[in-house]
Amino acid sequence: MSTTRPRFDPTRVPHLLGSFAPVSEQVDIADLEVTGELPAALDGLYLRNGPNPRFTPIGSYLYPIDGDGMLHGVRLSAGRARYRNRFVRTPAMEAEERAGRALWGGLESMIMPDAGEVGPELAATFKDLPDINVVRHAGRLLALAESACPFRVDAALETVGREDFGGALPAGITAHPKIDPVTGEMVVFCYGLQPPYLTWSVIAPDGTVSRGPTPVEGVDEPMMIHDMALTARYAVLVLAPAFFDLDAAMAGGSFLDWRPERGTRVVLLPRDGGPPRWAADEAFWMWHTVNAYDENQAEDAPVVLDYVQWSRLTVGGSASDAAQPLSGGLARARIDPASGSMARTLLDDSRVEFPRVDDRRLGRRHRHAALATDTGRADLLPGEYDAIRWYDTETGAARVWTAGNLSVGEPVYAPEPGRESDESGYWMTFATDRTDQSSWFLVIPAQDPSSGPVARVRIPVRVPLGLHGCWLPTEP
Ligand SMILES: [Fe+2]
């Protein structure tokens, strides 16, 4: 069989270099040096996940999916900060540690070890990749993979094991479940390479699976869906034409096929179990939702979905892509379940990603969204950002804080305890200085975000650029 993929050289993969380069040391360091002042009211743990291969990758490396997971945590209490990082330990990682080297290739390489190398249980299996997100639900802290079983970790970030929700969700869940702040339910979906290609489920506040997995009718091919949204009434899935093509992957090509002629569909899944409602439009790609909500209380009210819109799917990406990146703009879709139509508008054409709102607004009307953005500097890689943008959906105004030499990540909102406002709390993110690779944890006031951080916590070790995180207030 001929191969079209060039020979893999990990020393030339941009997402294994510079601010993205993985780290191997696990540390726990208290009383970190703070420039400025940490708000004393903030008591809790900021956690972030991200790809961090334990050993030098073999075969291929596809950002942002490949790589082992590493959790980075900053615990804030009484104006002091403590940092801890831990690998998410999967059976495959432990097998690689026994071997002292990578045994599984990157996803695109389809390299899997045989029974002689790893034993019969792990032989010819895909590697677990719980490296994308981290959430807390029903007292469980979950490191999340792309449509697979998450791994549960304890409060010290030590791995407990694979979580299949009491056996109810053996195929796993999305890396982007949505927790309803009103009902406490966690709504999830899962796509797969075999029928049923797409299912959705509801996990009750006590952690039991209360609905599903329910197949989504009308999906008859394997397709990639990265994120979802929630309203009080619906789970919202955006089905862009990104189809898995295993035959192409086996022949050395890409395992994802972009078929724009198929358009992009949105399905509204009534959370009460009613029939799905569909709408369709021309093709676009979406990695991440901002938030969604029902426009009003009426039956069949339209759904408003804010999201970051891309013209097509790309994964991986080389340094040269940064010069002519596809634009990810902040967009709004208004989906009318009665007519099956949707109307899309671009709210803000700045290049953005990693959108977040105050999580207490999820599924309900939000006002402010924070997003990572960039100033167009030539030294940034695809997926690297050097500014944060706050968009006000009521006024259409945007505010920006430019981080200079710092590369920043996803902004996460930490409310001020006891306050409902989404403007009295703080936005948090890790940042890495591109000039000296020093890493920082930043706390930015929501009231005046363009003034920049009120506190910069020096992390004494390098924190690679990563993906998604959360703020976990200390539970009383
Ligand atoms: Fe994501």
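The values are calculated or read from the model by the stated rules, or taken from the named source; none is laboratory data. In this text the structure is predicted, and so the values were computed from the model without any measurement. Cβ sites come from the backbone with ideal geometry, for glycine too, and all protein chains shown count toward neighbours. Heavy atoms of the whole protein, side chains included, go into the accessibility calculation; ligands, DNA and RNA do not. Shrake-Rupley method; radii C 1.70, N 1.55, O 1.52, S 1.80 Å.
Normalised size of segment 208-264, defined as Cα radius of gyration per 2.2 N^0.38 Å with N residues, equals 1.41. Between SER24 and PHE243, the modelled label-to-label distance comes to 4.3 nm, taking each label 7 Å out from Cα in the direction of the beta carbon.
Of the peptides 338-347, 59-68, the ranking by mean beta-carbon count within 10 Å, highest at the top, reads 59-68, 338-347.
Considering the options LEU198, PRO460, ALA331, tell which one lies farthest towards the positive end of the dipole of the chain, charges being +1 on Lys and Arg and -1 on Asp and Glu at the Cβ, about the Cα centre. It is PRO460. Convex hull volume of the Cα atoms of the chain, normalised per residue: 142 Å³. Of the trypsin sites (Lys or Arg not before Pro) found in segment 73-112, the ones in coil according to DSSP and having at most 13 other Cβ atoms within 10 Å of their Cβ are ARG101. Annotation: for a label point projected 7 angstrom from Cα along Cα→Cβ of SER254, residues of segment 98-127 with backbone N closer than 16 Å are 107-109.
The residues of segment 55-104 expose on average 34 square angstrom of accessible surface per residue, using a 1.4 Å probe on protein heavy atoms. Every helix of 4 or more DSSP H residues in the chain counts as -39500 (n - 2.57), and over all residues that averages to -1000 deg cm²/dmol at 222 nm.
Spin-label pair VAL461-THR375: with each label point 7 Å from Cα along the Cα-Cβ axis, the two points sit 3.1 nm from one another. Think of a 1.4 Å ball rolled over the protein heavy atoms: segment 196-299 then has 39 Å² of accessible area per residue.
Take the convex hull of the alpha carbons in segment 393-476; its mean projected area over all directions comes to 6.7 nm². Using only side-chain charges placed at the Cβ, +1 for Lys and Arg and -1 for Asp and Glu, the dipole size of segment 199-284 relative to its Cα centre rounds to 380 debye. When peptides 184-192, 413-421, 467-475 are ranked by their average number of other Cβ atoms within 10 Å per residue, the highest-first order is 184-192, 467-475, 413-421. Modelled this way, with points 7 Å down the Cα-to-C-beta line, the labels at ALA156 and ASN296 are 5.6 nm from one another.
Computed from point charges on the beta carbon alone (+1 for Lys and Arg, -1 for Asp and Glu), the dipole magnitude for the chain about its Cα centre is near 420 Debye.
Taking a ≥ b ≥ c as the square roots of the eigenvalues of the Cα gyration tensor, segment 345-410 is classed as prolate, since a/c reaches at least 1.5 and a/b is larger than b/c. Residue ranges 387-396, 30-39, 365-374 sort as 365-374, 387-396, 30-39 when ordered by packing (mean number of other C-beta atoms within 10 Å per residue, highest first). Let me test this: with uniform point scatterers at the alpha carbons of segment 1-150, what is the Debye-based log₁₀ I(q)/I(0) at q = 0.10 1/Å? Those come out to -0.43, one per q. Surface composition of the chain: carbon and sulfur atoms hold 48% of the protein heavy-atom accessible area at a 1.4 Å probe. Dipole orientation for segment 83-123: of the candidates LEU103, THR90, PRO120, THR90 has the Cα lying most toward the positive pole (charges on Cβ; Lys, Arg +1; Asp, Glu -1).
Which of rounded, prolate, oblate describes segment 92-193, given a ≥ b ≥ c as roots of the alpha-carbon gyration tensor eigenvalues and a/c under 1.5 marking rounded, otherwise prolate only if a/b is larger than b/c? Prolate, since a/c reaches 1.5 and a/b exceeds b/c.
Rolling a 1.4 Å probe over the heavy atoms of the protein chains gives segment 392-476 an accessible area of 38 Å² per residue.
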